[in-house]
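Beneath this line is the structure, given in structure tokens, with notes to follow.
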Amino acid sequence: MCRAFYNTQIPLGLPVGRQGRQTFQVNMDKFEEIGRRIDAEMERLRRFVDEEIAPETERRTATFLRDVSGKLDEFAAKLEARMARRTPPPQNPQ
């Protein structure tokens, strides 16, 4: 059978009274420190992506697009040549 849970703003397992509040405050300070460290690491990750990964990715993407563009140009020329072989030239009525 489940025990009912009510939010009393006091974490479970902490002693009630002055000592409990001090322990809770220490835990909150640690939680806030963890949040600050996460924020700092996220900023460091963003800078790494912007400065290290993005430029190389952009360079490689530009090279890829140029290669694909050249292949598409070749393919279009082959299609035009194949269409020209299939279609007889128009007769010149005179």
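Every number in this text was worked out from the coordinates using simple rules, so none of it is lab data. The shown structure was predicted, so the numbers you read here are calculated from the model rather than taken from an experiment. All Cβ positions, even for glycine, are placed from backbone atoms using ideal geometry, and neighbour counts span all protein chains on display.
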inquiry  = Apply the Karplus curve 6.51 cos²θ - 1.76 cosθ + 1.60, θ = phi - 60°, to the phi angles in segment 48-64 and return the couplings in whole Hz, x for Gly and Pro.
reply    = 4, 5, 5, 9, 10, 7, 4, x, 5, 5, 5, 4, 5, 5, 4, 4, 4
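Around residue 51, under 13 Å between beta carbons, what's the net of Lys plus Arg minus Asp minus Glu among the other residues? If you can, show how the numbers build up before the last one.
Values: positive: 44, 46, 47; negative: 43, 50, 52, 56, 58.
Result for the local shell: -2.
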request  = State, to one decimal in nm, how far the label point of residue 40 lies from the label point of residue 63, with both points 7 Å from Cα in the Cβ direction.
outcome  = 3.7
